[in-house]
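Enquirer: One structure, pasted below without further comment.
The values are calculated or read from the model by the stated rules, or taken from the named source; none is laboratory data. All of these numbers come straight from a predicted model, not from anything done at the bench. Reconstructed Cβ throughout: ideal geometry from the backbone, glycine too, with neighbour counts over all protein chains shown. To get the accessible areas, we keep the full protein, side chains included, count just its heavy atoms, and leave off ligands, DNA and RNA. Shrake-Rupley method; radii C 1.70, N 1.55, O 1.52, S 1.80 Å.
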Amino acid sequence: MELKRIVLGVTGGVAAYKAAELARLMVKDGLDVQVVMTEAARHFVGAATFQAITGHPVFTDLWDERVDNGMAHIDLTRGADAILVAPASADFLARLAQGSASDLLSTLCLARDCPLLLAPAMNRQMWEAPATRRNAAQLEADGVTLLGPDCGEQACGEVGFGRMLEPDDLLDSLAARFQPKRLTGLKVLVTAGPTFEPIDAVRGISNTSSGKMGYAVARAALEAGAEVTLVTGPTCLTPPRDARTLRVTSAQDMLSKVEEAADHHDIFISVAAVADYYVLNRSEQKIKKDAHILTLELAPNPDILANISSRPKPPFCVGFAAESENVEEYAELKRRRKHLPLIVANDVTEAVGADEVQLVLLDEAGKHVLEKADKHIQARRLIAHIAQLYNTRYQ
Ligand code: CTP
């Protein structure tokens, strides 16, 4: 995909500090970001922060002499794929709804020929005020997309609608606009993260899976237009906002949720690093330390993926093969053993917890290497491959 150019507008509000994180995530996702701040935004966060993150100078002034022909209001959005204003204050919404061009950012929004997305952020009473309701409705009628706001605790201590969506969610909404809708109308079930097999009330056996790959796959499926159910073991990650997320702990819990859901899904992508064993002699209470040797008895967990793929009418099943040696050979054996149309092989000595991975896709046609890249980018490539196989098979 060619590099997308985004103008990130920042207006005056406490949430302006989150715009710096948003800019960082956008750059990491491969977007070229040009920041334009209002005068008020500069009271909340410094331009130098955005300049360092994006690698481009930040503009505020209509009359900025750094723009060659003195036409900053046109030049900065020339060739831009979208303008995203985050946070968008109540005052900024009002000015936009009026078609005002009183500063550089509002002028850019008026003189644009690309989509405009706004992430409102303000005190809950300001958001509920009739004037703001009117302005928001007018902007939507004018074809502007409003992302949020969210409900929750606000900087002023009040609770209600007006919080800016989190940077992750804003990036998801933005990125989704640029992805081909290859999975529209399809339901995708994804498992992610490790499982945790209790030993006693406070201890257990798990593994080092971070969940990043599974969450990235869920996001990529959403971006491609699918309805997504994410069954996740314990991770520190925030699930994508638009996924139906079911949290589980042990492999047995994960199996129950997946078994229930599998029939209603077209595609099952099993990314979870399911623990192969559970503790048979588990204690309900915390085991006390004593002088004896403690023996844990381990019994095999059900194979969730094999369980689903061996059904008479399985969804289109995709496995992941975590290998530390003979990666492709072992992965292909797993693909055949579990009757999968596609398996994704990765080298766990490199992949676990890392942001960038190389993946090898193995299907009936042979092998396809996805050269090392960020897990989000790999997830999109994987979804493109799955969509192609799925469509060939069923359409
Ligand atoms: N898997 C599963 N349930 C299990 C074990 C694995 O659903 N109890 C799934 C994983 O999500 C993955 C695939 O099966 O998609 C392969 O997992 P992996 O751990 O690489 O292989 P195993 O089948 O467990 O074999 P081994 O541990 O011997 O390599």
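Enquirer: Past 21 Å, Cα to Cα: identify those pairs from K18/K181; K4/K28; K4/K375; K18/K372; K4/K212; K187/K257, in the order given.
Expert: Cα-Cα > 21 Å for K18/K181; K18/K372; K4/K212; rest within.
Enquirer: Over the Cα atoms of the chain, compute the convex hull volume and normalise it per residue, giving Å³.
Expert: 184
Enquirer: Over the alpha carbons of the stretch 46-138, what is the largest minus smallest coordinate on each principal axis, giving the biggest first in Å?
Expert: Sorted from largest, the Cα extents of the stretch 46-138 read 42, 26, 23 Å.
Enquirer: Would you kindly give the portion of the calculated P(r) for the stretch 1-59 that falls above 17 Å, as a percent of all Cα pairs?
Expert: The calculated P(r) of the stretch 1-59 puts 29 percent of pairs beyond 17 Å.
Enquirer: Expressed as a whole number of Å, what is the distance separating the alpha-carbon centroids of the stretch 95-147 and the stretch 271-307?
Expert: Rounded to whole Å, the Cα centres lie 55 Å apart.
Enquirer: So for the chain: antiparallel DSSP bridges make up what percent, rounded to the nearest 5?
Expert: Given both bridge residues lie in the chain, the antiparallel proportion sits at roughly 30 percent.
Enquirer: As a test, work out the antiparallel percent of DSSP beta bridges whose residues both lie in the stretch 5-178, rounded to the nearest 5.
Expert: Approximately 20 percent, going by the DSSP bridge assignments.
Enquirer: Enter the accessible area per residue of the chain (Å², integer; probe 1.4 Å; all protein chains in place).
Expert: 48
Enquirer: Using helices alone, what [θ] at 222 nm do you get for the chain, with -39,500 (n - 2.57) per DSSP H run of 4 or more residues, divided over all residues and rounded to the nearest 500?
Expert: Roughly -10000 deg cm²/dmol at 222 nm, from the helical runs in the chain.
Enquirer: Under 8 Å for C-alpha pairs, at least 6 residues apart: give me the relative contact order for the chain, rounded to a whole percent.
Expert: 11
Enquirer: In the full protein assembly as shown, how much of H368 is accessible to a 1.4 Å probe, in Å² to the nearest 10?
Expert: It works out to around 60 Å².
Enquirer: Ranked by accessible surface with a 1.4 Å probe, highest first, in what order do R24, R335, R66 come?
Expert: R66, R24, R335
Enquirer: Using 10 Å bins from zero, what percent of all Cα-Cα pairs in the stretch 101-259 falls into each bin?
Expert: Spelled out per bin, shortest first, that is 9, 27, 28, 22, 10, 3, 0.
Enquirer: Moving on. Roughly speaking, what is the centre-to-centre gap between the stretch 191-258 and the stretch 30-48 when only Cα atoms are used, to the nearest Å?
Expert: 35
Enquirer: Taking the stretch 187-394 as the region of interest, what is the percent of Cα-Cα pairs per 10 angstrom bin, listed from the shortest bin to the one with the maximum distance?
Expert: Once binned at 10 Å, the Cα pair distances of the stretch 187-394 give 9, 35, 36, 14, 5, 1, 0.
Enquirer: Now a separate question. Are there any helices in the chain, counted as whole DSSP H runs, that stretch 18 Å or more along their axis by Cα and score at least -1.0 on average by Kyte-Doolittle, and if so which?
Expert: Once both thresholds are applied, what remains is 16-28, 375-394.
Enquirer: Give me the distance in nm between label points sitting 7 Å out from Cα along the Cα-to-Cβ direction at E297 and R133, one decimal.
Expert: Modelled inter-label distance: 6.5 nm.
Enquirer: Okay, next question. Per Stokes-Einstein, at 25 °C and 0.890 mPa s, what whole-number D in µm² s⁻¹ belongs to the stretch 200-287, with the Kirkwood radius over Cα pairs as the hydrodynamic radius?
Expert: Answer from the Stokes-Einstein relation: 172 µm²/s.
Enquirer: Working with all protein chains in place, sort H376, H265, H292 by solvent-accessible area computed with a 1.4 Å probe, largest first.
Expert: Descending accessible area places them as H292, H376, H265.
Enquirer: Would you tell me the accessible area of T245, worked out with a 1.4 angstrom probe on the heavy atoms of the protein chains, in Å² to the nearest 10?
Expert: Roughly 40 Å² of T245 is accessible to a 1.4 Å probe.
Enquirer: Are there trypsin sites (Lys or Arg not before Pro) in the stretch 148-238 that DSSP marks as loop and that have at most 16 other Cβ atoms within 10 Å, and which are they?
Expert: Answer by residue number: K181, R203.
Enquirer: Counting only protein heavy atoms, what percent of the accessible surface of the stretch 5-178 is carbon or sulfur at a 1.4 Å probe?
Expert: Of all accessible area on the stretch 5-178, carbon and sulfur atoms account for 52 percent.
Enquirer: Out of the total accessible area of the stretch 258-395 (probe 1.4 Å, heavy atoms of protein only), what percent is carbon and sulfur?
Expert: That fraction is 49 percent.
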